[in-house]
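Visitor: Starting off with a structure, shown below.
The values are calculated or read from the model by the stated rules, or taken from the named source; none is laboratory data. Predicted model only: the values in this text are computed from it and were never measured. In this analysis, Cβ positions are derived from the backbone assuming ideal geometry, glycine residues included, and neighbour counts consider all displayed protein chains. Side chains included, ligands, DNA and RNA excluded: accessible areas come from the protein's heavy atoms. Shrake-Rupley method; radii C 1.70, N 1.55, O 1.52, S 1.80 Å.
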Amino acid sequence: MNTTILRKSVLGIAGLAFAGGLAAGPLNHHTTSGTVDARPVAAAQADTTADGGKLIPHGVQGAQSRIDLDAEQTANAKAIIAATKKAGLDERAAVISIGTALQESKLENLGHLGDRNDHDSLGLFQQRPSSGWGSPEQITDPQYATTAFLKGLRQVDGWQDMALTDAAQTVQVSAYPDAYAQWEQQAADLVAQHWNNS
């Protein structure tokens, strides 16, 4: 099999099935990890540029991926923004949340994926009921799942000053810690587009 196709297949499956499935629950976990080759499946330049100073204070890390969103994925991004506002957090927290959900589920509210499921991971953030994130019904509710993610984020000392991938990884405890970085520009663009009307 062609190595490029193999890499795309592995990264695609890893992004959905494994990256969030290893999340250890909504507690503050400190991990150390080596560098992981997290080259994106499809890199593209952003059509719009979000306010880099507020939404992407450290600039993006590495090549960026971008996917076309359908109505359901867009609604999920808006739900994440609304839950972030309700939690009293700012646009940067929404960027981190959406970037995390883009990596974990491509902003699809996933149920159990059968053989492709990593343990009992569910929802936008691939949270696990067995790890204390909530019941299956709760973590497949976008507002609840976002609130649970944000609760974990708030427990991360200095998350506001971290790169997206570091903040997300500290909450999610993924087997692919650097993979979140590729979604920062699209997440920032979504927040810039929808923050004022969500």
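Visitor: Output the helices (runs of 4 or more DSSP H) that fall wholly within the stretch 95-185 and possess 3 or more residues being in contact (Cβ under 8 Å) with a residue 12 or more places away in the chain, or say none.
Guide: 142-154, 164-172
Visitor: Of the residues that sit in the stretch 174-198 and are of a type in the set (Gly, Ala, Ser) and open to solvent by 30 Å² or more (accessible area, probe 1.4 Å), which one is modelled with the lowest pLDDT?
Guide: The extreme case among them is 198.
Visitor: Another one. I'd like the full set of residues that are under 18 Å from the mean Cα position of the chain (by Cα), surrounded by fewer than 18 Cβ atoms within 10 Å (Cβ to Cβ), charged (D, E, K, R) and at pLDDT below 90, limited to the stretch 104-139.
Guide: Passing the criteria: only 120.
Visitor: Here's a check for you: in the stretch 66-84, which residue that is part of a helix (DSSP H, G or I) and open to solvent by 70 Å² or more (accessible area, probe 1.4 Å) is nearest to residue 189 (Cα to Cα)?
Guide: 78
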